[in-house]
Amino acid sequence: MKKEIGTLLLLSSVIFSGCQSDQKEDPIEERVSKEAHSPTHIDATLIGTSDHKEVKLYKNGEGVELEINGKVKDFNWNNPGDTGTEPQVFYIDMTEDGKEEAVIIIQTGRGTGLDNYDIHVVDQDLQEIKIPHYEEIVAQHIESNVVKKDHETLTITGQALGKEYQFNYHVDSELELQQDELGFGGITIYYVENQKIKLTLAASVFPMYVADFHITFKFDHTKNEFIVDQIEVAPIQQ
């Protein structure tokens, strides 16, 4: 009888030990544990993703929340959210180092004579890479002069990235010229083409736009930022 009791106790111990072992390897518990450490987006609304979901952009209060391959970081980017145009989200190699970056293009302004976009490039460590603002580009790389040649013609001259340009623009004879330089800022459209960041920057002589400055950027590995590579001036056809 004692031998039978001992056998039963030993058998119970083996069964209990087996149950504990099964519980440690339970895939459901393992999944729940992983989910507890996954990024959460409480009070955040998904507003854009890259084609294969590597990058996800969320609206979070006044700013945004960016997720790249499971890593999450908040950014205080301008995101009005009421322009009628959804953010553009890409996951491509913009720095030619074999690693993809997140590229986010957000429309920040829209209206009569206004069309504004911001662009952001973020690496896989969630560090944003600098791209020159249009005001910096104008100050450093664009010179212009506007004069009224006769009653119906403006003569516009200047330099863009050291290259001279000149063209005439027909205007109403009653136009009162109120500026001697081109105005910028009303239309700033960023886009990506052939893995290059480009910007269309419209130039104005109030109250009309007279030319588009097409700007191409390149990545400077020494500075670890994007810089202006080319500027082409295209007078607006009348």
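The values are calculated or read from the model by the stated rules, or taken from the named source; none is laboratory data. If you're wondering where the values come from, they're calculated on a predicted model, not measured in any experiment. Ideal geometry is used to build each Cβ from the backbone, glycine not excepted, and the neighbour counts take in all protein chains shown. All accessible areas refer to the heavy atoms of the entire protein, side chains included, with ligands and DNA or RNA removed. Shrake-Rupley method; radii C 1.70, N 1.55, O 1.52, S 1.80 Å.
Here are a few things to note about the model shown:
- Spans of strands (runs of 3 or more DSSP E) in segment 121-227 with at least 2 residues open to solvent by 60 Å² or more (accessible area, probe 1.4 Å): 142-150, 163-170, 183-193, 208-220
This table checks each residue for (1) more than 16 Å from the chain's Cα centre (by Cα); (2) of a type in the set (Gly, Ala, Ser); (3) at pLDDT below 95.
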| residue | (1), (2), (3) |
| --- | --- |
| 45 | yes, no, yes |
| 71 | yes, no, no |
| 77 | no, no, no |
| 139 | yes, yes, no |
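- In segment 54-101, the residues that are farther than 21 Å from residue 192 by Cβ and among the aliphatic types (A, V, I, L, M): 72
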